[in-house]
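Novice: My structure is below; once you've seen it, I'll send some questions.
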There are 2 protein chains.
Amino acid sequence: MKVDSAFSHHNHHQCQTSAVEQARQLCEKNGVRFTKLREQLFTLIWQSHKPVTAYKLLDQIKGSDFSATPPTVYRTLDFLLDQGLIHRINSLNAFIGCCQPGKRHTGTFMICEQCDHALEVDNTNILNAIQKVSHQHNFQVKNYITEIYGFCPQCQSEKDNSEVQS
Amino acid sequence: MKVDSAFSHHNHHQCQTSAVEQARQLCEKNGVRFTKLREQLFTLIWQSHKPVTAYKLLDQIKGSDFSATPPTVYRTLDFLLDQGLIHRINSLNAFIGCCQPGKRHTGTFMICEQCDHALEVDNTNILNAIQKVSHQHNFQVKNYITEIYGFCPQCQSEKDNSEVQS
DNA sequence: AAATAAATGTTATAGTATTACATTATCTCT
DNA sequence: AGAGATAATGTAATACTATAACATTTATTT
């Protein structure tokens, strides 16, 4: 995926397809099963770059072969989280596909408050800063997440336009 | 409050009392009311350095003069959040007193997975890193939160001890 | 094919948060 | 001080998010 795809026009169908294929390969490599249910939910999560809630996914699998109940969805989400194939955006109670599965997880997201799209950024500066401050406090880091809220480039310019017009 | 108090023994009663007094003054300065209900809930939040959930607070105001229903608590929490007197730890659905009300909010927390205590750290390195990466992506930052999970100094040494004994 | 383990189905419930409207308390202005 | 406006709190209902416990089915191993 191109670096800033989440915030710009791109061939998302290809984006989605390659993510699914990558997930399949990663599961095979890790000796875990990428079942039909897991594939279907993972594909749904990758339908856009907007984080999606468990219950939205639940609605979307109604009518499919699968039992549309919360445990079905949550178990599958847990699996995908464990495999590092998706992330959870805590402030939104929502899930989003991971852009660099297999690579080290950085857990940094820029979330647009206007269009709800989220971009995962792989940033060593933030990681370094976190490790430094943790070390200063003698805190043993296991994991972290940084959620940055604001406006993406596109929504900024749209706001500017509407402000001019008003 | 001393810098690392959340993770070490300290006179917490004084910690709590001064937080309440500081909140009262800040509200007066900002022309908003620090009512009895707000004071009571704020005090409860400051009873420890563990983030506390809304429903735990709800339990604790049962028997008081106030209506122990969710809106009572959530409205008050919203007020305290708006005033920058508390923070919400998204991953825990829990709230914690702000250690530097009035000062610029950094939104960085180290959360111990063993004892559940959380320490708010005011760190320019993280802020700088966030601003840098946002600027790189032409993203307009409004707010952010960094939640760092791991083990605090005390729980690390306790773990070490128990490992030796086993 | 039997035994085992993994995945999914099913029912119930726990935990978190908001909406909408009623009532009470406080503030402002004359 | 009293009327009107505003802010705060009370109340009832409901929406949203997540997990527990146990049953059944499917896949893997031998």
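The values are calculated or read from the model by the stated rules, or taken from the named source; none is laboratory data. Note that the coordinates shown come from a computational prediction; the quantities given were computed from them, not determined experimentally. Backbone-built Cβ (ideal geometry, glycine too); neighbour counts: all protein chains shown. Note: areas computed on protein heavy atoms with side chains; ligands, DNA, RNA excluded. Shrake-Rupley method; radii C 1.70, N 1.55, O 1.52, S 1.80 Å.
Novice: I need a count of the residues in the range A:51-89 that are near DNA strand C (Cβ under 10 Å from one of its atoms) and β-branched (Val, Ile, Thr).
Specialist: The number of residues fulfilling the criteria is 5.
Novice: Now a separate question. Consider only pairs whose beta carbons are under 6 Å apart and that are at least six residues apart or on different chains; among these, list those whose first residue lies in the range A:93-105 and is within 14 Å of chain B (Cβ to nearest Cβ) and within 16 Å of DNA strand D (Cβ to nearest atom) and whose second residue is among the β-branched types (Val, Ile, Thr) and in a loop (DSSP other than H, G, I, E, B).
Specialist: Within 6 Å, the pairs are A:Asn93/A:Thr53; A:Ala94/A:Thr53.
Novice: What are the residue pairs meeting all of these: first residue in the range A:107-131, first residue of a type in the set (Phe, Trp, Tyr), second residue open to solvent by less than 10 Å² (accessible area, probe 1.4 Å), Cβ atoms under 6 Å, and 6 or more apart or on different chains?
Specialist: Taking only residues 6 or more apart or on different chains, the pairs are A:Phe109/A:Ala118; A:Phe109/A:Glu147.
Novice: Could you figure out which of (1) in a helix (DSSP H, G or I); (2) out of contact with any Gly (no Cβ under 8 Å at 6 or more places or on another chain); (3) away from chain A (no Cβ under 14 Å); (4) open to solvent by less than 40 Å² (accessible area, probe 1.4 Å) isn't true of B:Ala6?
Specialist: B:Ala6 satisfies all of (1) in a helix (DSSP H, G or I); (2) out of contact with any Gly (no Cβ under 8 Å at 6 or more places or on another chain); (3) away from chain A (no Cβ under 14 Å); (4) open to solvent by less than 40 Å² (accessible area, probe 1.4 Å) except (3).
Novice: Just give me the residues in the range A:23-41 being away from DNA strand C (no atom under 11 Å from the Cβ) and open to solvent by less than 60 Å² (accessible area, probe 1.4 Å), in sequence order.
Specialist: The answer is A:Ala23, A:Leu26.
Novice: Do the conditions hold for B:Asp116, that is, is it out of contact with any Leu (no Cβ under 9 Å at 6 or more places or on another chain) and either more than 12 Å from DNA strand D (Cβ to nearest atom) or among the acidic types (Asp, Glu) (or both)?
Specialist: Judged against the criteria, B:Asp116 is not a match.
Novice: Report, by residue number, each residue of the range B:18-42 that is in a helix (DSSP H, G or I) and out of contact with any helix residue (DSSP H, G or I) (no Cβ under 9 Å at 6 or more places or on another chain).
Specialist: Correct list: B:Ser18, B:Glu21, B:Gln22, B:Gln25, B:Leu26, B:Glu28, B:Lys29, B:Asn30, B:Lys36.
Novice: Turning to a different aspect of this structure: Does the range A:113-147 hold any residues that are more than 8 Å from every other protein chain (Cβ to nearest Cβ) and either of a type in the set (Val, Ile, Thr) or under 18 Å from the mean Cα position of the chain (by Cα) (or both), and which are they?
Specialist: Correct list: A:Gln114, A:Cys115, A:Asp116, A:His117, A:Ala118, A:Glu120, A:Asp122, A:Thr124.
Novice: Next up: Six or more apart or on different chains, Cβ under 8 Å: which pairs go from a residue in the range B:72-84 that's within 14 Å of another protein chain (Cβ to nearest Cβ) to one that's open to solvent by 30 Å² or more (accessible area, probe 1.4 Å) and more than 10 Å from DNA strand D (Cβ to nearest atom)? Could you list them?
Specialist: Once the first residue is within 14 Å of another protein chain (Cβ to nearest Cβ) and sits in the range B:72-84, its partners that are open to solvent by 30 Å² or more (accessible area, probe 1.4 Å) and more than 10 Å from DNA strand D (Cβ to nearest atom) give B:Leu81/B:Arg88.
Novice: Got a number for residues in the range B:44-71 being small (Gly, Ala, Ser) and either within 14 Å of chain A (Cβ to nearest Cβ) or near DNA strand D (Cβ under 10 Å from one of its atoms) (or both)?
Specialist: The number of residues fulfilling the criteria is 3.
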